[in-house]
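Q: One structure is given below, represented as structure tokens, and several questions about it will come after.
Bear in mind these aren't lab numbers, they're just calculated from the coordinates by the rules spelled out. Remember, predicted model here, so these are calculated numbers, not experimental data. Note that we place each Cβ from the backbone using ideal geometry, even for glycine, and neighbour counts take in every protein chain shown.
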Amino acid sequence: MTGVWALLGAVLVVALVGVLLKRRDGRVRTTAGARPELPGPVRDLLVPGTPVTLLQVSTSFCAACRRAGALLGDLADRTEGLRHVELDVTDLPEVAKALGVLRAPTTLALDASGAELLRVGGVPEPDALTAALRPHLPGPNG
């Protein structure tokens with residue numbers, strides 16, 4: 001009977017962890033002002049004069065990364081002052097570590113100087129991401 005209780009307890013813990021992870025997936029976290037030293041491969045992707053760059057940190061074996069890339073690319077195409085770039089860190093674990101990235105995909109919004117404005121773990125929620133980016137973009141709503 002003890003084995004049944006242990007199994008039931010393990011199932012409940014796994015279910016709780018799954019629910020918590022699902023709730024965090026795609027949420028925008030504001031990190032305005034965070035200015036870690038950017039690794040060279042990231043600095044090379046920034047274009048001077050671009051107000052906001054969405055840096056998507058991906059890996060080659062990540063299925064969700066393709067969905068995130070399509071969503072971010074479309075958003076950048078439709079939004080003035082926004083650029084999307086993808087960095088595959090499969091062979092660059094030191095870059096992921098330097099950025100504090102623990103999962104793929106992770107999206108960092110960087111301003112023109114390379115300061116981190118916000119980050120999203122998982123596939124972003126488009127409306128929440130757009131609202132969080134609006135103050136950092138040029139135009140009437142920015």
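Q: Which value in Å does the Kirkwood hydrodynamic radius of the chain take, with 1/r averaged over all unlike C-alpha pairs and then inverted?
A: Numbers: mean 1/r = 0.0615 Å⁻¹.
Every distinct Cα pair counted, the radius reaches 16.2 Å.
Q: Would you mind getting me the FRET efficiency between Lys97 and Met1? Use the beta-carbon distance for r and R0 = 30 Å, nearest 0.05. Please list the in-between numbers first.
A: Values: r = 46 Å, r/R0 = 1.53.
Using R0 = 30 Å, I get an efficiency of 0.05.
Q: Express as a percent, rounded to the nearest 5, the fraction of DSSP beta bridges in the chain (both residues included) that run antiparallel.
A: Details: 15 of 22 bridges.
In the chain, approximately 70 percent of DSSP beta bridges are antiparallel ones.
Q: Okay, moving on. Under the 0.36 nm per residue contour assumption, what length would be gained going from the current alpha-carbon distance of Asp88 and Glu37 to full extension?
A: Here the segment from Asp88 to Glu37 would lengthen by 16.5 nm.
Q: Arrange the peptides 2-9, 108-115, 92-99 so that the one whose residues have, on average, the most other Cβ atoms within 10 Å appears first. It would help to have the intermediate numbers written out before the result.
A: Details: 2-9: 8.8, 108-115: 18.0, 92-99: 15.5.
Answer by packing, highest mean first, reads 108-115, 92-99, 2-9.
Q: Against the longest principal axis of the chain, how steep is helix 63-78, in degrees 0 to 90 to the nearest 10, with axes from Cα atoms?
A: Taking the Cα atoms of the chain, the angle to 63-78 is about 30 degrees.
Q: Follow-up. Name all residues of the range 105-142 having a backbone nitrogen under 12 Å from the label point set 7 Å from the Cα of Ala64 along its Cα→Cβ direction, giving them as ranges.
A: So the set is 105-107, 120-125.
Q: When a footprinting reagent is the concern and you count Cβ atoms within 10 Å, what order do Glu125, Glu80 take, fewest first? It would help to have the intermediate numbers written out before the result.
A: Values: Glu125 16, Glu80 10.
Neighbour counts put them in this order, fewest first: Glu80, Glu125.
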